[in-house]
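Heads up, the thing below is written out as structure tokens.
The values are calculated or read from the model by the stated rules, or taken from the named source; none is laboratory data. Small disclaimer: the values here were computed from a predicted structure and weren't measured. A quick note on method: Cβ atoms are made from the backbone with ideal geometry, for glycine too, and the neighbour counts reach across all protein chains shown.
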Amino acid sequence: MGTEASAGRVVVGVDGSPSSQTALRWAMRHAGLIGGVVEAVCAWELPGMRGWSAPAVDADLDAEVAHSGFVEELRSVVGDAPSVEVRERFARGNPTEVLLAAAEGAEVLVVGSRGRGGFARALLGSVSQQCAQHATCPVVIVRPDSNAGVEPTAAA
């Protein structure tokens, strides 16, 4: 797994949530410390993809809106002149599956403790929990607190 292409690759899930923004900042700092690159991954899914029915939607418009939000979040958190190389990966699919695939061979996968969905009182979001259980690399789960992700919870 230590190929030249993946050495120092820090994969981070980005979904627009406060947890995601803190995870992105943590990933940037970590990549800077190890001389790595950040691969920011945003997965989007059409509403109702997993349910028995879905509202009428324009998939192209939804993808455009999701991609715009992703780019805007990267720009607001990372800035115009990031201290490390940042690669963008925007993919349609289940967020857990997209993140696990992207993290194969990575140095570490960084996710927020709670994303856009889920219950307010949940300790871990379903995506972060699934990533911690199934990733083939170390996983760092970052909470959106006043420490700005300085002391994340790590799971291997």
Legend entry - Given (1) modelled with pLDDT of 90 or more; (2) out of contact with any helix residue (DSSP H, G or I) (no Cβ under 9 Å at 6 or more places or on another chain), number of the condition MET49 does not satisfy: (1)
Inset, instruction - State the number of residues belonging to the stretch 64-82 that are surrounded by 12 or more Cβ atoms within 10 Å (Cβ to Cβ) and either of a type in the set (Lys, Arg) or under 21 Å from ILE34 (Cα atoms) (or both). - result: 4
Legend entry - Within the stretch 11-36, considering residues that are surrounded by fewer than 20 Cβ atoms within 10 Å (Cβ to Cβ) and either touching a helix residue (DSSP H, G or I) at 6+ places or on another chain (Cβ under 7 Å) or part of a loop (DSSP other than H, G, I, E, B) (or both), the one modelled with the lowest pLDDT: GLY16
Inset, instruction - Filter the stretch 110-156 down to residues that are closer than 11 Å to ALA23 by Cα and basic (Lys, Arg) and give me whichever is modelled with the lowest pLDDT. - result: ARG114
Inset, instruction - Select from the stretch 85-109 the residues that are part of a loop (DSSP other than H, G, I, E, B), crowded, with 21+ Cβ neighbours inside 10 Å and at pLDDT below 95 and list them in ascending order. - result: none
Inset, instruction - Look at the stretch 52-84 and say how many of its residues are of a type in the set (A, V, I, L, M, F, W, C) and modelled with pLDDT under 90. - result: 10
